[in-house]
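The values are calculated or read from the model by the stated rules, or taken from the named source; none is laboratory data. Being a predicted model, the structure only gives us computed values, none of them experimental. Cβ placement follows ideal geometry from the backbone for every residue including glycine, while neighbour counts extend to all protein chains displayed.
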Amino acid sequence: MGYKRSENKIYICVRPDSSHDRIIQSCKNLGLDFAISLDGGGSSSIKVDGSVKVSGDGRPVNNYLYVK
């Protein structure tokens, strides 16, 4: 889910099997000013400045906060 100021619109996107890099590229491609990707459960983790700070249970991580 993201926001694009120039259009004053909220975007809701669905994509299976994403990665951190793919989420960031999608936000850039859409020109979003900020976005948050949500996925609950054991796959949740935190990645800051390219380093995973809190790891999940090994499933693909699909959470991300993006700020342009």
Lone qualifier among SER51, SER55, SER6, SER19 - being exposed (fewer than 15 other Cβ atoms within 10 Å of the Cβ), polar (S, T, N, Q) and modelled with pLDDT of 90 or more = SER6
Looking at (1) surrounded by 11 or more Cβ atoms within 10 Å (Cβ to Cβ); (2) at pLDDT below 80, find the lone condition where GLY41 falls short.
-> (1)
Tally of residues being under 13 Å from the mean Cα position of the chain (by Cα) and not in a strand (DSSP E or B) across the stretch 1-28 | 18
For the stretch 1-14, pairs from a residue that is touching a residue at least 60 places away in the same chain (Cβ under 8 Å) to a residue that is hydrophobic (A, V, I, L, M, F, W, C), with Cβ under 7 Å and 6 or more apart or across chains, are GLY2/CYS27; GLY2/LEU30; GLY2/LEU32; GLY2/PHE34; GLY2/ALA35
